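The values are calculated or read from the model by the stated rules, or taken from the named source; none is laboratory data. Just so we're clear, the structure is a prediction, and the values are computed from it rather than from any experiment. All Cβ positions, glycine included, derive from the backbone under ideal geometry; neighbour counts span all protein chains shown. Ligands, DNA and RNA are stripped out before the accessible areas are found, and what is left, the full protein with its side chains, is counted by its heavy atoms. Shrake-Rupley method; radii C 1.70, N 1.55, O 1.52, S 1.80 Å.
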Amino acid sequence: MKSILKTCTALTMVATFTGQVAAQEMLQSLGAGEGEVSIVAWAGYIERGETDPNYDWVTKFEADSGCKVTVKTANTSDEMVALMNEGGFDLVTASGDASLRLIAGKRVQPINTALIPSWSTIDPRLESAAWHTVDGVHYGTPYVWGANVLMYNTDVFGDKPPTSWNVVFEETTLPDGKSNKGRVQAYDGPIYVADAALYLMKHKPELGITDPYALNEDQYKAALDLLRVQRTLVGRYWHDAFIQMDDFKNEGVVASSSWPFMVNVLKAEGAKVASTFPEEGITGWADTTMLHAESAHPNCAYMWMEHSLSPKVQGDVSAWFGTVPSVPAACKGNELLTDEGCATNGYENFDKIRFWRTPTAKCEAGECVPYYRWVSDYVGVIGGR
């Protein structure tokens with residue numbers, strides 16, 4: 001909640017963002033490393049073997065580059081934007097609902113792809129993706145991508161996974177004979193309005209929603225009304241991955257939107273959980289490593305971006321977090337990911353995922369509800385208004 005409020009006043013700059021951003025000067029050549037690099041990242045994205053010694057893509061980078069890595073974990077895209085606005089960081093692993101805001105706010109700088117030798121190995125589906133490329137200028141290096149899955153308790157649902165998001169959006173009796181009220185969670189971020197809109201695309205087709213991130217006033221109102229119904233069911237709005245995992249283990253939570261990271265960690269611990277893609281579809285994220293406009297350590301930052309594209313790192317991150325690599329070569333020969341890992345994590349589902357992006361006032365349908373409204377109204381929903 002606090003991170004949402006901190007960024008609310010900065011959102012008007014993207015309310016009518018149309019993609020016309022004047023490119024800043026990009027770095028033309030690399031020099032010696034500055035000895036350190038600081039990264040704002042999602043939980044589990046930058047591992048040095050402290051959680052599990054098998055997952056460490058920091059230690060060798062530090063030894064090879066001489067750049068010490070420090071990480072600030074952020075729990076939502078709004079928190080990432082707030083941290084980048086405050087400054088003092090070099091890189092951020094931004095999702096699509098943050099990246100255009102950072103570009104429009106001139107908080108990140110263009111990337112000189114000629115200084116990243118592995119750029120040519122990036123999946124063509126991501127190389128010029130709209131969430132990091134404006135007018136042909138790249139503002140970041142693709143990292144990994146994935147889906148917002150429905151995580152559920154297998155003791156409650158048995159051998160029949162839930163097929164619909166209705167188990168978290170509408171009051172219903174679950175297979176164990178009990179109501180879902182108080183036993184489900186929702187994501188603590190305004191971009192979650194899109195999940196409600198995606199649900200309504202199937203269940204209320206008369207609304208005419210074709211894009212969950214481009215809603216007119218009537219469509220938006222319907223999404224908020226659904227979220228207000230959900231408010232009566234939710235035991236907690238989650239944004240901290242580890243708190244959600246604890247809630248599934250100890251607090252009786254049985255269903256929620258989640259990330260493959262939490263599913264994988266809980267399953268490794270023996271928890272009775274699994275995940276599924278419900279029939280209404282899924283939202284997801286394609287994350288980009290973006291360089292702060294005022295980075296104090298740009299040489300180390302470019303070294304990290306090159307390192308992040310190595311097949312070994314891409315495979316290890318994807319195995320740990322349950323994501324899909326941005327470098328297809330990582331899908332084969334990685335001991336942790338295995339040769340089946342990319343398929344398991346959804347490599348072929350790219351076109352089925354509604355990737356996060358920042359809603360704007362101007363959209364293909366004409367006038368749409370901009371993101372600053374999503375922010376203030378979702379705060380109201382969570383607060384019971």
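Could we say that residue 296 is at pLDDT 95 or above, small (Gly, Ala, Ser) and not in a strand (DSSP E or B) here? Yes: the conditions hold for residue 296.
So which of 192, 152, 199 ends up being of a type outside the set (A, V, I, L, M, F, W, C), within 17 Å of residue 277 (Cα to Cα), modelled with pLDDT of 95 or more and assigned to a strand (DSSP E or B)? Step through it out loud before you land on a result.
Values: 192 fails: assigned to a strand (DSSP E or B); 199 fails: assigned to a strand (DSSP E or B).
Selected residue: 152, the only one of 192, 152, 199 that is of a type outside the set (A, V, I, L, M, F, W, C), within 17 Å of residue 277 (Cα to Cα), modelled with pLDDT of 95 or more and assigned to a strand (DSSP E or B).
Across the range 149-164, the number of residues qualifying as open to solvent by less than 10 Å² (accessible area, probe 1.4 Å) and β-branched (Val, Ile, Thr) comes to 1.
Tell me, which strands (runs of 3 or more DSSP E) wholly within the range 29-95 include 3 or more residues that are over 22 Å from residue 310 (Cα atoms)?
Details: elements: 36-42, 68-74, 91-94.
Per the criteria, 68-74.
Looking across the range 168-189, just one residue is farther than 18 Å from residue 248 by Cα and in a strand (DSSP E or B), and that is 173. Please enumerate the residues belonging to the range 328-385 that are small (Gly, Ala, Ser), at positive phi and surrounded by 13 or more Cβ atoms within 10 Å (Cβ to Cβ). Scanning the range 328-385 gives a single hit, 346.
The helices (runs of 4 or more DSSP H) found wholly in the range 311-385 and carrying at least 1 residues that are without any contact (Cβ under 8 Å) to a residue 12 or more places away in the chain and of a type in the set (Ser, Thr, Tyr) occupy 341-345.
Restricting attention to the range 102-142, the residues that are under 18 Å from residue 78 (Cβ atoms), open to solvent by less than 10 Å² (accessible area, probe 1.4 Å) and assigned to a helix (DSSP H, G or I) add up to 2. Number of residues in the range 237-281 that are part of a helix (DSSP H, G or I), acidic (Asp, Glu) and either without any contact (Cβ under 8 Å) to a residue 60 or more places away in the chain or open to solvent by 30 Å² or more (accessible area, probe 1.4 Å) (or both): the value is 1.
Annotation note: Cβ proximity below 6 Å between a residue of the range 216-229 that is farther than 23 Å from residue 181 by Cα and part of a helix (DSSP H, G or I) and a residue that is open to solvent by less than 60 Å² (accessible area, probe 1.4 Å) and not basic (Lys, Arg) (sequence gap 6+ or interchain) occurs for 219/207; 219/209; 220/369.
The selection criterion, being in contact with a Pro (Cβ under 9 Å, 6 or more places away or on another chain) and surrounded by fewer than 24 Cβ atoms within 10 Å (Cβ to Cβ), holds for residue 146.
Residue-wise test of (1) touching a Gly at 6+ places or on another chain (Cβ under 6 Å); (2) of a type in the set (A, V, I, L, M, F, W, C).
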| residue | (1), (2) |
| --- | --- |
| 282 | no, yes |
| 300 | yes, yes |
| 310 | no, no |
| 343 | no, yes |
| 355 | yes, yes |
| 361 | no, yes |
| 365 | no, yes |
| 377 | no, no |
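Of everything in the range 141-170 that is small (Gly, Ala, Ser) and under 15 Å from the mean Cα position of the chain (by Cα), the residue that is farthest from residue 306 (Cα to Cα) is 147. Out of the residues in the range 177-220 that are open to solvent by 40 Å² or more (accessible area, probe 1.4 Å), of a type outside the set (Lys, Arg) and under 28 Å from residue 247 (Cα atoms), state the one that is farthest from the chain's Cα centre (by Cα). The residue in question is 177.
Yes or no, residue by residue, for (1) at pLDDT below 95; (2) within 16 Å of residue 126 (Cβ to Cβ):
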site: 308; (1), (2): no, yes
site: 318; (1), (2): no, yes
site: 325; (1), (2): no, yes
site: 337; (1), (2): no, no
site: 345; (1), (2): yes, yes
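With the condition kept exactly as written, say whether any residue in the range 159-177 is touching a Gly at 6+ places or on another chain (Cβ under 7 Å), small (Gly, Ala, Ser) and in contact (Cβ under 8 Å) with a residue 40 or more places away in the chain. No, there is no match, as no residue in the range 159-177 is touching a Gly at 6+ places or on another chain (Cβ under 7 Å), small (Gly, Ala, Ser) and in contact (Cβ under 8 Å) with a residue 40 or more places away in the chain. Residues of the range 273-305 that are among the acidic types (Asp, Glu) and in contact with a His (Cβ under 8 Å, 6 or more places away or on another chain): 280 alone.
When you scan the range 206-216, do you find a residue that is of a type in the set (A, V, I, L, M), closer than 20 Å to residue 282 by Cα and out of contact with any helix residue (DSSP H, G or I) (no Cβ under 8 Å at 6 or more places or on another chain), even just one? Yes, the range 206-216 contains a residue that is of a type in the set (A, V, I, L, M), closer than 20 Å to residue 282 by Cα and out of contact with any helix residue (DSSP H, G or I) (no Cβ under 8 Å at 6 or more places or on another chain).
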